[in-house]
1. Collect the residues in region 183-228 that are within 20 Å of Met244 (Cβ to Cβ) and at pLDDT below 95, keeping them in residue-number order.
2. Quick test for you: out of Asp39, Asp59, pick the one residue that is open to solvent by 60 Å² or more (accessible area, probe 1.4 Å) and at pLDDT 95 or above.
3. Give region 127-145 a look and list any residue that's within 8 Å of the ligand (Cβ to nearest atom) and aliphatic (A, V, I, L, M), or say none.
4. For region 170-229, how many residues meet the condition of being in a helix (DSSP H, G or I), of a type in the set (Ser, Thr, Tyr) and within 12 Å of the ligand (Cβ to nearest atom)?
5. Out of the residues in region 339-366 that are within 17 Å of Ser128 (Cβ to Cβ) and of a type in the set (A, V, I, L, M), which is most open to solvent (accessible area, probe 1.4 Å)?
6. Quick check on my filter: what residues within region 274-294 are without any contact (Cβ under 8 Å) to a residue 60 or more places away in the chain and open to solvent by 60 Å² or more (accessible area, probe 1.4 Å)?
7. Scan region 82-97 and report the pairs whose first residue is within 12 Å of Trp51 (Cβ to Cβ) and whose second residue is of a type in the set (Phe, Trp, Tyr) and assigned to a helix (DSSP H, G or I), with Cβ atoms within less than 8 Å and a gap of 6+ or a chain change.
8. For Val315, indicate whether it is within 30 Å of His208 (Cβ to Cβ) and not in a loop (DSSP other than H, G, I, E, B).
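The values are calculated or read from the model by the stated rules, or taken from the named source; none is laboratory data. Being a predicted model, the structure only gives us computed values, none of them experimental. Backbone-built Cβ (ideal geometry, glycine too); neighbour counts: all protein chains shown. For accessibility, only protein heavy atoms count, side chains too; no ligands or nucleic acids. Shrake-Rupley method; radii C 1.70, N 1.55, O 1.52, S 1.80 Å.
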Amino acid sequence: MQIDKSKFPIIYGHDPRKGEMFQVVNEEGEIVNPDFMPDLTDEQLFEIYTWLIRMRISDEKANNLQRQGRMGTYPSIYGQEACQIGAVWPQEKSDWLVPTFRENGMMWMKGVPLEQTYLYWIGNEKGSEFAEDLNMLPVAIPVGSHTIHAAGIGWAERIKGGNNVAVCSFSDGATSEGDFHAAMNFAGVFKTKCVFFCQNNQYAISTHRNIQTASDTIAEKAFGYGLPGVMIDGNDVFAVIATMTEALKLAREFNTTTLIEAVTYRLGAHTTSDNPKIYREDSEVEEWAKKEPLIRLDKLLRAKGILDDEKAAKVEEDARQEVSIAAKKALEAENPKITDMFDYLLSETYPELEEQKQQLIEETNE
Ligand SMILES: Cc1ncc(C[n+]2csc(CCOP(=O)(O)OP(=O)(O)O)c2C)c(N)n1
């Protein structure tokens with residue numbers, strides 16, 4: 001079926017090759033593209049604000065837990081919350097989320113309780129045991145590897161005549177991996193029901209985006225695979241929601257995968273093991289900090305009379321309490337048994353593995 005491109009004005013109306021970047025609300029909190037402002041009630045706008053605060057405080061808590069030696073490691077989403085919210089907000093519950101390791105906020109919105117995400121980063125496998133009805137894959141640590149899984153799911157959905165879309169989230173560094181290119185090629189050839197959502201947060205650990213790829217934008221890589229690509233302001237939650245809404249529709253109705261490049265910035269460290277001061281200037285961070293997603297959302301909501309100091313203080317207080325409870329639950333959770341690694345790795349065991357398991361039991365008295 002021929003796509004009527006005029007029905008997808010964000011995706012087909014903004015060409016990354018011309019340097020065009022889609023935005024709805026600017027850094028000052030002004031709606032600069034009113035035709036594209038998602039149709040949201042005041043309650044929904046407030047809910048989006050609340051999510052942003054909850055994510056920010058949960059992030060701060062995780063960093064603190066790691067510094068106190070109570071969490072193994074943690075990848076911060078500080079500064080990337082608009083992407084985290086906007087990528088999930090328009091999804092149907094039955095759509096798939098195929099996340100990389102920096103999607104703690106997306107996973108929370110998708111339905112993973114926060115304490116479970118904390119458990120994951122504490123090192124407890126229960127952190128990956130999701131509810132049966134949650135169409136979500138576990139966190140992918142190998143960079144870019146999950147793009148292939150997403151393409152497969154999107155293909156299966158098409159073959160089954162299903163209506164669900166596989167949303168795959170990753171960052172700029174993943175687009176330099178072979179898996180990403182195989183997945184994009186597959187998505188183009190086999191017309192999969194996917195959205196590839198790239199949070200270009202400017203760094204792959206210490207490698208800046210400019211030395212990551214020679215292409216001017218990440219979005220334009222889509223064209224080589226016969227797919228649409230669009231570059232958007234990833235710090236503008238409304239741009240992300242509007243674009244993701246269109247991309248989901250394009251996948252659902254026309255089996256066409258969009259590559260969205262959401263331009264954002266990782267304000268924190270790569271993970272708690274990283275010291276970004278070694279490879280980037282404070283002045284660069286300060287410049288990006290002016291563009292972060294909360295400032296403009298706060299301004300917009302206050303201008304609309306939806307937010308004031310009292311309401312903001314209450315949202316923060318509630319979030320702190322909620323996050324504290326989640327952390328307590330995660331810290332008090334039972335440790336997995338050491339033999340779990342044998343019991344849950346393969347569906348069927350074999351003699352050598354059983355031998356190793358017995359040896360471990362004897363050595364550890366577990
Ligand atoms: C295949 C593979 N190579 C290397 C690593 C080590 N590693 C972990 S995160 C990372 C950088 C990823 O950068 P990017 O995709 O931009 O994601 P970001 O961390 O910025 O969210 C690397 C190289 C890995 N996990 N997997």
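1. none
2. Asp39
3. Answer for region 127-145, where residues must be within 8 Å of the ligand (Cβ to nearest atom) and aliphatic (A, V, I, L, M): Ile141, Val143.
4. Residues of region 170-229 in a helix (DSSP H, G or I): 172-176, 178-190, 209-211, 219-225.
Narrowing further to those that are of a type in the set (Ser, Thr, Tyr): 175-176, 225.
Keeping just the survivors that are within 12 Å of the ligand (Cβ to nearest atom) gives 175-176.
Of the residues in that region, 2 qualify.
5. Filtering first and then ranking leaves Leu345.
6. Correct list: Asn275, Lys277, Glu281, Asp282, Ser283, Glu286, Glu287.
7. Pairs found: Ile85/Trp51; Gly86/Phe238.
8. When the stated conditions are applied, Val315 does not pass them.
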